[in-house]
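Peer 1: Okay, here's the structure, questions in a sec.
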Amino acid sequence: GAVVSQHPSRVICKSGTSVKIECRSLDFQATTMFWYRQFPKQSLMLMATSNEGSKATYEQGVEKDKFLINHASLTLSTLTVTSAHPEDSSFYICSAQWGGSPGETQYFGPGTRLLVL
Amino acid sequence: GENVEQHPSTLSVQEGDSAVIKCTYSDSASNYFPWYKQELGKGPQLIIDIRSNVGEKKDQRIAVTLNKTAKHFSLHITETQPEDSAVYFCAASINDMRFGAGTRLTVKP
């Protein structure tokens, strides 16, 4: 299957700072990338969908000014958590999809665990 | 929007037994149904998927069945092994993917 990487795998930061998470598709070009958040023992919650070269589409309740998403190339998307607070602590997972059509397979990255002190 | 329900939330089986996890979806237009396995601290891994034009798909010990009329699909794992222990998520996709709440499977040696 396709390989998606995330960096960093784990990050601890102080409250008020910004954190950038990278998501890369290593062996295919990802037209669409998705960002999810997962709290302990819960399911994956879609935060936003990003298509290469265009603005991300955010899910209801997700602040676009707080969670900045950039999808500048077909192999890289970044999520920046701005002015992070303890309640932003979570497991952030990206996924990448080859095509832009509904029903394409999503391949997930290994996740990034964010802890905000 | 699409709503996916998954049962059971936890499942414990003896090694060698079969495990079945069931999901229902609400939007009859959904056409793609993947299953993911997530181990602790890792991202979900695709283990099998099925599209709406197929009723059943099998890959070694894993099979998925789809009943479009009833809007439900199931994951079947036969001859379970301890390494099958993980959280399994079903999902249904039309425009974007919606996940079930997950099933924590424990396979006892």
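The values are calculated or read from the model by the stated rules, or taken from the named source; none is laboratory data. Note that the structure is predicted; figures quoted are calculated from it, not measured. Positions of Cβ are backbone-derived with ideal geometry, glycine not excepted, and every protein chain shown enters the neighbour counts.
Peer 1: Within region A:17-37, track down each residue that is under 22 Å from A:Ala2 (Cα atoms) and in a strand (DSSP E or B).
Peer 2: A:Ile21, A:Glu22, A:Cys23, A:Arg24, A:Ser25, A:Thr32, A:Met33, A:Phe34, A:Trp35, A:Tyr36, A:Arg37
Peer 1: If a residue has to be within 12 Å of A:Leu117 (Cβ to Cβ) and in a loop (DSSP other than H, G, I, E, B) to count, how many in region A:1-16 make the cut?
Peer 2: To start, the set of residues in region A:1-16 that are within 12 Å of A:Leu117 (Cβ to Cβ) comprises A:11-16.
Subset that is in a loop (DSSP other than H, G, I, E, B): A:14-16.
So the count comes out to 3.
Peer 1: Read through the list (1) buried (at least 17 other Cβ atoms within 10 Å of the Cβ); (2) in contact with an Asp or Glu (Cβ under 7 Å, 6 or more places away or on another chain); (3) under 30 Å from A:Ser5 (Cα atoms), then give the number of the only condition that B:Gln81 fails.
Peer 2: Unmet condition: (1).
Peer 1: Consider B:Glu56 carefully, then state whether it is surrounded by fewer than 18 Cβ atoms within 10 Å (Cβ to Cβ) and in contact with a Gly (Cβ under 7 Å, 6 or more places away or on another chain).
Peer 2: no
Peer 1: From the set of residues in region B:96-109 that are assigned to a loop (DSSP other than H, G, I, E, B) and within 14 Å of another protein chain (Cβ to nearest Cβ), which is farthest from B:Ser12 (Cα to Cα)?
Peer 2: B:Asp96
Peer 1: State all residues of region B:84-95 that are among the hydroxyl-bearing types (Ser, Thr, Tyr) and either more than 8 Å from chain A (Cβ to nearest Cβ) or within 12 Å of the chain's Cα centre (by Cα) (or both); if no residue qualifies, say none.
Peer 2: B:Ser85, B:Tyr88
Peer 1: Please work out which one of (1) surrounded by fewer than 20 Cβ atoms within 10 Å (Cβ to Cβ); (2) farther than 26 Å from B:Leu40 by Cα is the condition A:Ala56 fails and give its number.
Peer 2: All conditions pass for A:Ala56, except number (1).
Peer 1: Further, regarding this structure: Find the strands (runs of 3 or more DSSP E) located wholly in region B:1-95 whose residues include 3 or more that are within 22 Å of A:Glu104 (Cα to Cα) and of a type in the set (D, E, K, R), and list them.
Peer 2: So the answer is B:56-59.
Peer 1: Exactly one condition in (1) modelled with pLDDT of 90 or more; (2) more than 20 Å from A:Leu117 (Cα to Cα); (3) not polar (S, T, N, Q) is not met by A:Lys20; state its number.
Peer 2: (2)
Peer 1: Working carefully through the options B:Arg61, B:Arg51, find the one that is within 11 Å of chain A (Cβ to nearest Cβ), surrounded by 13 or more Cβ atoms within 10 Å (Cβ to Cβ) and of a type outside the set (Gly, Ala, Ser).
Peer 2: Checking each option against the conditions leaves just B:Arg51.
Peer 1: Out of everything in region A:1-30 that is of a type in the set (S, T, N, Q) and either more than 14 Å from every other protein chain (Cβ to nearest Cβ) or free of Cβ contacts under 8 Å to residues at least 24 places away in the same chain (or both), what residue ends up being nearest to B:Pro8 (Cα to Cα)?
Peer 2: That would be A:Gln29.
Peer 1: Looking only at region A:78-97, which residues are touching an Asp or Glu at 6+ places or on another chain (Cβ under 6 Å) and within 14 Å of another protein chain (Cβ to nearest Cβ)? I'd like the intermediate steps shown before the answer.
Peer 2: Of region A:78-97, the ones touching an Asp or Glu at 6+ places or on another chain (Cβ under 6 Å) are A:78, A:81, A:97.
Once the filter is applied, which keeps residues that are touching an Asp or Glu at 6+ places or on another chain (Cβ under 6 Å) and within 14 Å of another protein chain (Cβ to nearest Cβ), region A:78-97 yields only A:Gln97.
Peer 1: For region A:83-117: of the residues being among the aliphatic types (A, V, I, L, M) and crowded, with 19+ Cβ neighbours inside 10 Å, which is nearest to A:Met33 (Cα to Cα)?
Peer 2: A:Ala96
Peer 1: Being within 14 Å of the chain's Cα centre (by Cα) and either within 21 Å of A:Val11 (Cα to Cα) or loosely packed, with under 15 Cβ neighbours inside 10 Å (or both) is the filter here; which residues of region A:72-82 pass it? Before the answer, list the steps.
Peer 2: Residues of region A:72-82 within 14 Å of the chain's Cα centre (by Cα): A:72, A:75-82.
If the condition is that a residue be within 14 Å of the chain's Cα centre (by Cα) and either within 21 Å of A:Val11 (Cα to Cα) or loosely packed, with under 15 Cβ neighbours inside 10 Å (or both), then A:Ala72, A:Leu76, A:Ser77, A:Thr78, A:Leu79, A:Thr80, A:Val81, A:Thr82 are the ones that fit.
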